[in-house]
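The values are calculated or read from the model by the stated rules, or taken from the named source; none is laboratory data. Computed from a predicted model, the values in this text were never measured in an experiment. Heads up, the Cβs are rebuilt from the backbone with ideal geometry, glycines too, and the neighbour counts pull from every protein chain shown.
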Amino acid sequence: MDNRVIEIRKRLKKKLDPLRFEHTLGVSYTCQALAMRYGYDLDKAELAGLLHDCAKRYDNATMLEKCKRKGIDITDSEYTDPSLLHAKLGAWMAKEKYGIEDEEIADAIRCHTTGRTGMTLLDKILYVADYIEPRRYKAEDLPEMRRLSFIDLDQACLSIMDSVLNYLKSKNCPIDPLTQAARDDMKTVVERNRQKEDVKDEPVKRYGTARSRSFGGEKRRRHKNH
Ligand code: DGI
Ligand code: FE
Ligand code: FE
């Protein structure tokens, strides 16, 4: 275990409201579960989950003021909806206040609300964990998203992005260009994955043999015949 985890957890418990702290723990454990499934560093996934909402202790005016003071760039859409800033400010705090030097962790925290183009494995793990963690209950599609997340991470990301965009549109919320760009990029990734799958299946279709797939039934039958 990363030695910093206990200390960070203690500090966050003091700073965040109880429900946000519960969510934080849920996200960090879900990040670890996804890291186990997709082969990522468990300690890094846990730290990203623990710190992703550390800036949520501040209200919008305070976040705007802090970002200006620390020289953190504020976009038009963040001026329109300053709550988006908790991701950027959180990444800054993870580095400057909680001693995180790993850029992959800071990057994942920075893009955890909108996503971004070219998302890394840790970006996707955190983005998905934030949506499916066990204490979340509001979205109707949670059971399906939870199941899908452990089957196909890219498809889960895309489905969550579509769901968030639909929600934002239904509420007439301004959409950050990054949110739309991240979704369009993930759509391309999912289509590319599908094409790769089709190429893998190609010999099966062309030569009409199930050998390369090694289904249990086929194996058992072959075994019996010899
Ligand atoms: O901080 P959390 O509540 O755990 O989760 P989060 O950081 O993913 O933030 C979720 C909120 O962010 C949710 O209400 C939707 C909102 N959001 C995501 N993308 C955009 C956005 N809000 C606006 N206005 N524009 C976006 O593009
Ligand atoms: Fe957040
Ligand atoms: Fe969160």
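Among the candidates E144, E140, the residue that is modelled with pLDDT under 95 and more than 13 Å from ligand 1 (Cβ to nearest atom) is uniquely E140.
Looking across the range 173-191 at every residue that is in a helix (DSSP H, G or I) and acidic (D, E), the one that is farthest from T75 (Cα to Cα) is identified as E191. Scanning the range 61-87 for residues that are among the small types (G, A, S) and part of a helix (DSSP H, G or I) turns up A61, S77, S83, A87. If you check Y127, Y137 for being surrounded by fewer than 21 Cβ atoms within 10 Å (Cβ to Cβ) and of a type in the set (F, W, Y), only one passes: Y137. Step by step: first the residues of the range 172-186, then only those that are of a type in the set (D, E, K, R) and over 13 Å from C111 (Cα atoms), then the one that is surrounded by the fewest Cβ atoms within 10 Å (Cβ to Cβ). Which residue is that? Among them, the one singled out is D184.
Inclusion of A35 among residues that are within 16 Å of ligand 2 (Cβ to nearest atom), within 26 Å of R146 (Cβ to Cβ) and either touching a helix residue (DSSP H, G or I) at 6+ places or on another chain (Cβ under 6 Å) or in a loop (DSSP other than H, G, I, E, B) (or both) is not warranted. Criterion applied to G99, G90, G118 was being in a loop (DSSP other than H, G, I, E, B), of a type in the set (G, A, S) and under 23 Å from E7 (Cβ atoms), and the one residue passing it is G99.
For the residues A45, A106, the requirement of being under 23 Å from P177 (Cα atoms) and modelled with pLDDT of 95 or more singles out A106.
L158 passes every criterion in (1) within 12 Å of the chain's Cα centre (by Cα); (2) within 16 Å of ligand 3 (Cβ to nearest atom) apart from (2).
A search for C-beta distances below 7 Å between a residue of the range 19-44 that is touching a residue at least 60 places away in the same chain (Cβ under 8 Å) and over 12 Å from V128 (Cα atoms) and any residue that is away from ligand 2 (no atom under 16 Å from the Cβ) and of a type in the set (D, E, K, R), counting only pairs 6+ apart in sequence or on different chains, returns K44/D102; K44/E104. If you go through the range 1-41 and pick out every residue that is exposed (fewer than 14 other Cβ atoms within 10 Å of the Cβ) and over 20 Å from A106 (Cβ atoms), you end up with 11.
Considering only residues in the range 71-108 that are among the small types (G, A, S) and touching a residue at least 24 places away in the same chain (Cβ under 8 Å), the one that is farthest from L51 (Cα to Cα) turns out to be S77.
What are the pairs with Cβ atoms under 6 angstrom where one residue, in the range 135-153, is part of a loop (DSSP other than H, G, I, E, B) and the other, located anywhere, is at pLDDT 95 or above and buried (at least 16 other Cβ atoms within 10 Å of the Cβ)? Sequence gap at least six, or different chains. Here the result reads R135/H23; R135/G26; D141/S163, each pair linking the range 135-153 to a residue that is at pLDDT 95 or above and buried (at least 16 other Cβ atoms within 10 Å of the Cβ). Taken together, K44, K56 contain a single residue that is surrounded by 14 or more Cβ atoms within 10 Å (Cβ to Cβ), within 16 Å of ligand 1 (Cβ to nearest atom) and in a helix (DSSP H, G or I), which is K56. Looking at this structure, is L50 over 22 Å from K124 (Cβ atoms) and within 16 Å of ligand 3 (Cβ to nearest atom)? Spelling it out, it is not the case that L50 is over 22 Å from K124 (Cβ atoms) and within 16 Å of ligand 3 (Cβ to nearest atom).
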